[in-house]
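The values are calculated or read from the model by the stated rules, or taken from the named source; none is laboratory data. All of these numbers come straight from a predicted model, not from anything done at the bench. Cβ coordinates were reconstructed from backbone atoms using ideal geometry, including for glycine residues, and neighbour counts include every protein chain displayed.
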Amino acid sequence: MPVKVLASRGQVASGSYADIADGIYFAANNGAHVINMSLGGPSSSTTLQDAVAYAYNQGVTIVCSAGNGGVGAPASFPAAYNAYCIAVAATRYDKGQGRLLHYRQLCGRRCARR
């Protein structure tokens, strides 16, 4: 079930945490088993946290992009809500840390590696 929560403005996708939360509630209330979000923002939001908590409590598995801010960048949300979300990040072909991601901050040793 694709649920679009961001609007495209040229090469940039934009929207609000309220838009994302609406999509999460929609998916959780309409039978989603997994919600995958390849998006994120720089700050926490009660609206967004409540939505992921709701979906989690409905039995939905929530997978989120860890972010592309680089090592030492602030945590990306909703991935930073680690009580509810599984944060995922990329590794290079040689299993090294990718250049643009929040690998250490969100994943550390918990991220799956091949």
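Quick notes
- Single condition Gly41 does not satisfy, out of (1) within 17 Å of Ser65 (Cβ to Cβ); (2) modelled with pLDDT of 95 or more: (2)
- Yes/no for Tyr93 being surrounded by 19 or more Cβ atoms within 10 Å (Cβ to Cβ), modelled with pLDDT of 70 or more and outside any helix (DSSP H, G or I): no
- Total residues in region 48-62, condition β-branched (Val, Ile, Thr) and exposed (fewer than 15 other Cβ atoms within 10 Å of the Cβ): 1
- Filtered residue count, region 8-33, keeping only those that are in contact with a Ser or Thr (Cβ under 9 Å, 6 or more places away or on another chain), surrounded by 11 or more Cβ atoms within 10 Å (Cβ to Cβ) and not in a loop (DSSP other than H, G, I, E, B): 4
- Top-ranked residue in region 45-66 [being at pLDDT below 95 and small (Gly, Ala, Ser); ranked as nearest to the chain's Cα centre (by Cα)]: Ser65
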